[in-house]
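Below: one structure, written as C-alpha cells.
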Amino acid sequence: AQKNHASPGCYLSVAVPNLKIHSPKETLLLRNRKSYCGIWDKQYDLRILENLALGNDGFVSKMVSLFLKQTPDLMSQIQTAVQLMDVAMVSRVAHKMKSSIDTFCIMEIADEIRMLERASDAEWTSVEIEKAVEKILRILTSVIEKLQIEFQPGNAKLVDRRTIGMASLKLLRNHYFP
C-alpha cells in the first residue's frame, strides 16, 4: 500500500496522487475499526457484529445469513457494472457493500471499496477499477465460503465463538457498568 499525500495517514492499495479517499471522520472510524478488528488469522472478524448484538446470538446469525444471501447478488452487480464500464453503477454498488465490509471487519478490501464508492467523482482508469473489483470479488468469495462453514448447523466452533463473545461482553459491561 502506498501513502496518499492528500490525506495524512490514509493508505491506498492503488497509488493515486493528490486524491482524498477518506473524509476526516471516515479516516478516524476506519483507523478505529482497523485497530479494533486486529485480525491476523482470518479475513473477517465478527467482534463489531457481536457487540452490536449485545449477546443476542440470533441477531448475529441473522446478519450473517443476510450477508451470505445479499453479497453474491451485489458481487454480480458490480461485476456487470465493470463489464459495462458503468462507473456510476460501480459507485452505487460499492456504497451498498461498504457497511457490510466494515461490519464484518473485512479490512483487506476496505480501501478498495472506498475507492470504488468514489469512482464516479474521480478519474480512475478502467484497469484500476477492474483490479479493485477483482480483489474485492476474490476476498468476498473466500469470506463467504468461510462463513458458510463457520455457521453451518451443528458446528461446535460456533458455540465456542459465541461463548467467548459473551464472556468479552460481560467483561465490558462489568468494566463500564460496575
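Return the only residue of Val159, Val127, Val133 being open to solvent by 30 Å² or more (accessible area, probe 1.4 Å) and modelled with pLDDT of 75 or more. I'd like the intermediate steps shown before the answer.
Details: Val159 fails: modelled with pLDDT of 75 or more; Val133 fails: open to solvent by 30 Å² or more (accessible area, probe 1.4 Å).
Checking each option against the conditions leaves just Val127.
Considering only residues that are among the acidic types (Asp, Glu) and open to solvent by 40 Å² or more (accessible area, probe 1.4 Å), which ones fall in the stretch 46-65?
Scanning the stretch 46-65 gives a single hit, Asp57.
Scan the stretch 63-81 and tell me whether some residue there is acidic (Asp, Glu), in a helix (DSSP H, G or I) and at pLDDT 95 or above.
So the first thing to find is which residues in the stretch 63-81 are acidic (Asp, Glu), and the list is 73.
Pick out the ones that are also in a helix (DSSP H, G or I) and you get 73.
Next, from what is left, pick out any that are at pLDDT 95 or above: 73.
Yes, because at least one residue in the stretch 63-81 is acidic (Asp, Glu), in a helix (DSSP H, G or I) and at pLDDT 95 or above.
A quick yes/no check of all residues on (1) under 21 Å from Leu49 (Cβ atoms); (2) of a type in the set (Lys, Arg); (3) in contact (Cβ under 8 Å) with a residue 24 or more places away in the chain:
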residue	(1), (2), (3)
Gln79	no, no, yes
Ala88	no, no, yes
Thr103	yes, no, yes
Met115	no, no, yes
Ile129	no, no, yes
Ala132	no, no, yes
Lys135	no, yes, yes
Thr141	yes, no, yes
Pro153	yes, no, no
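Is it the case that some residue within the stretch 80-94 is within 18 Å of Lys146 (Cβ to Cβ) and β-branched (Val, Ile, Thr)?
Checking the stretch 80-94: not a single residue is within 18 Å of Lys146 (Cβ to Cβ) and β-branched (Val, Ile, Thr).
The values are calculated or read from the model by the stated rules, or taken from the named source; none is laboratory data. Keep in mind that what you see is a predicted model, and the values were worked out from it rather than measured. FYI the Cβ positions are ideal-geometry reconstructions off the backbone, even for glycines, and counts take in every protein chain you see. We work out accessible area using only protein heavy atoms, side chains counted, and drop any ligands, DNA or RNA first. Shrake-Rupley method; radii C 1.70, N 1.55, O 1.52, S 1.80 Å.
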